[in-house]
Amino acid sequence: MEFQSCVKILNEWDIVAVRQLGRNVAKELHFGIVDQARITTAISELARNIFLYAGQGQVCIEKDFKDGKTGLKIIAKDNGPGIQDIRKVMEDGFSTSGGLGAGLPGVKRLMDEFDIDSKLNEGTTVITTKWLR
Ligand SMILES: Nc1ncnc2c1ncn2[C@@H]1O[C@H](COP(=O)(O)OP(=O)(O)OP(=O)(O)O)[C@@H](O)[C@H]1O
Ligand SMILES: [Mg+2]
């Protein structure tokens, strides 16, 4: 791993900070303006979920070089309440908070690879990657 930087999510300012970090790394990797927007939106959604549902956690941004490809990887991790039914939260419109329920399915659509792992009372980890093309 060439580069990894993490931001602890404790308050709403941290969401802004990790979004900015993600934009800077995306620029360094020469992602275009549209992909930069996709990446920063995904980061915001994941950080906001941590803040709202787990209270705190962290979001790490990694540069990923695999099989001659260049990517930006987001790792969002918390030790919050976890998600009961992952299949359900990946459907558009499912929310336990009166939100749009567009966050996680949206992140999956915006990025190229998406993986979610969650255990009740243990926490949630989302790992998602965008490849440069
Ligand atoms: N980190 C997390 N820990 C625990 N539960 C989570 C976490 N992230 C998401 N969830 C659960 O998954 C549901 C769906 O999340 P999603 O981001 O897709 O929609 P939302 O946050 O409810 O609404 P929106 O993001 O559109 O404002 C949430 O309502 C919440 O119950
Ligand atoms: Mg959300």
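VAL7 meets each of the listed conditions (1) assigned to a helix (DSSP H, G or I); (2) surrounded by 14 or more Cβ atoms within 10 Å (Cβ to Cβ); (3) of a type outside the set (Lys, Arg) apart from (1). Could we say that ILE61 is surrounded by 18 or more Cβ atoms within 10 Å (Cβ to Cβ), touching a Gly at 6+ places or on another chain (Cβ under 7 Å) and without any contact (Cβ under 8 Å) to a residue 60 or more places away in the chain here? Criteria met by ILE61. Of all residues in the stretch 1-56, those being at pLDDT below 95 and hydroxyl-bearing (Ser, Thr, Tyr) number 0. Here's a check for you: in the stretch 31-66, which residue that is more than 15 Å from GLN20 (Cα to Cα) and assigned to a loop (DSSP other than H, G, I, E, B) is farthest from ligand 1 (Cβ to nearest atom)? Looking at residues that are more than 15 Å from GLN20 (Cα to Cα) and assigned to a loop (DSSP other than H, G, I, E, B), I get GLY32.
Search the stretch 13-72 for residues being among the small types (Gly, Ala, Ser), within 16 Å of ligand 2 (Cβ to nearest atom) and out of contact with any helix residue (DSSP H, G or I) (no Cβ under 7 Å at 6 or more places or on another chain), and hand back the single one that is nearest to ARG109 (Cα to Cα).
ALA54
Take the residues of the stretch 87-129 that are among the acidic types (Asp, Glu) and assigned to a loop (DSSP other than H, G, I, E, B): which is surrounded by the most Cβ atoms within 10 Å (Cβ to Cβ)? Per the criteria, the residue is ASP112.
The values are calculated or read from the model by the stated rules, or taken from the named source; none is laboratory data. The structure presented is a predicted model; accordingly, all values stated were derived computationally and were not measured. Virtual Cβ from ideal backbone geometry, glycine too; neighbours counted across all protein chains shown.
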